[in-house]
Structures are given as structure tokens and as C-alpha cells.
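**Student:** A single structure is presented below for examination.
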Amino acid sequence: IYHPVYLKYFERARVEFLGVRELLRLRQSEGIQLRELETRHIRFFDSGLLGDLCTVVSKILELDATRIVLEHRFMRNRDQKMLTRGVCELSFAADSDGRTVPIPASILRGLAADSCARPPPPLPLHTTITTPWLSTRSIRS
């Protein structure tokens, strides 16, 4: 896999993690959009090959009033080997002036519902993305 492609999958994973429909609703009805502040600590451990089935595992590292820091691990399914790891810092901004706004309550409720409403499953939550060889797995802490 060409290294910059991993960044595209990190982006897809964070959108799935936070909820595609809710992000679209926020953008269309409230004029609030998700923005990436920084992607850092990208490490490449091994190469993915054409035909490898892979999973992106996303986990919250930090959460405050205006910022979410996610860790993404790109894992090869057959041996659970981590191919790439990266950390993304995210915030929300108003479309009107681009200023940072607090994390919307609906996003916080979604994160809390996934982590608190039921006991953790034996395996992390699993959501399939349309790309045939990639899926995301969300671990909410």
C-alpha cells in the first residue's frame, strides 16, 4: 500500500467512528463541520499487500470541550500485525467564520452511549466500510 493512502483510511475511520449521518446533519442543519487540526506520530511498521484484508482500529486518547484526539491502528487481519499507526487531533468549526466551537452534544452523547450504555463486548465494535478489503473497528474508551 502506498503510504499516503493510509491517511485516507484514517480519515474514513474517524468519520465512521464519530458517525457519518450525524456529521452530515451537523453540517447541513447547524453549519458545524469536523476539521482535522493535525495528524502526527505516523509510524509505518510493515507493508500491506494487494489483497490483504485490513482493519482500522480507532481509539480516543484525549477528549476535552473542543478537541478529540484519536489513535488509528491499521491492522492486517490474517495475523493481526499492526502495519501503521497514527494520531489525529480533531475539532469542530462553524461554517460561518471558521471558529472552533465546542464538541456538539450529539457527538458526545454518541460517544457516551457506545462506551457506557452497555457492557463492553468481548470483541470491539465492528463497522464495515464500503472498500472491500478494509473495515473499521471502534474502541471507545
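The values are calculated or read from the model by the stated rules, or taken from the named source; none is laboratory data. As the structure is a computational prediction, the values presented were derived from the model and not from experiment. Cβ sites come from the backbone with ideal geometry, for glycine too, and all protein chains shown count toward neighbours. Accessible surface is based on the protein model in full, side chains and every heavy atom, while ligands, DNA and RNA are left aside. Shrake-Rupley method; radii C 1.70, N 1.55, O 1.52, S 1.80 Å.
**Student:** In nm, to one decimal, how far is the modelled label at Leu7 from the one at Ser29, with both set 7 Å along Cα→Cβ?
**Tutor:** Once both label points are built, they end up 3.3 nm from each other.
**Student:** Continuing with this model, one more query. Between the alpha-carbon centers of the range 75-95 and the range 1-26, tell me the distance in whole angstrom.
**Tutor:** The two parts, judged by their Cα centres, are 9 Å apart.
**Student:** Further question: How much solvent-accessible surface does Leu61 expose, in Å² to the nearest 10, with a 1.4 Å probe and all protein chains in place?
**Tutor:** Roll a 1.4 Å probe over it and Leu61 shows about 80 Å².
**Student:** Now for a different question. Using a 7 Å offset from the Cα along the Cα-to-Cβ direction at both Thr66 and Arg43, what is the distance between the two label points in nm, to one decimal?
**Tutor:** 3.1
**Student:** Could I have the simple spin-label model distance between Asp52 and Val15, label points 7 Å from Cα toward Cβ, reported in nm to one decimal?
**Tutor:** About 2.3 nm separates the two model spin labels.
**Student:** Compare Glu62, Glu71 by solvent-accessible area with a 1.4 Å probe and give them largest first, with all protein chains kept in place.
**Tutor:** These residues rank, largest area first, as Glu62, Glu71.
**Student:** Within the range 1-63, list the chymotrypsin sites (Phe, Trp or Tyr not before Pro) lying in a DSSP loop whose Cβ has at most 15 other Cβ atoms in a 10 Å radius.
**Tutor:** Sparse-neighbourhood loop chymotrypsin sites (Phe, Trp or Tyr not before Pro): Tyr2, Phe45.
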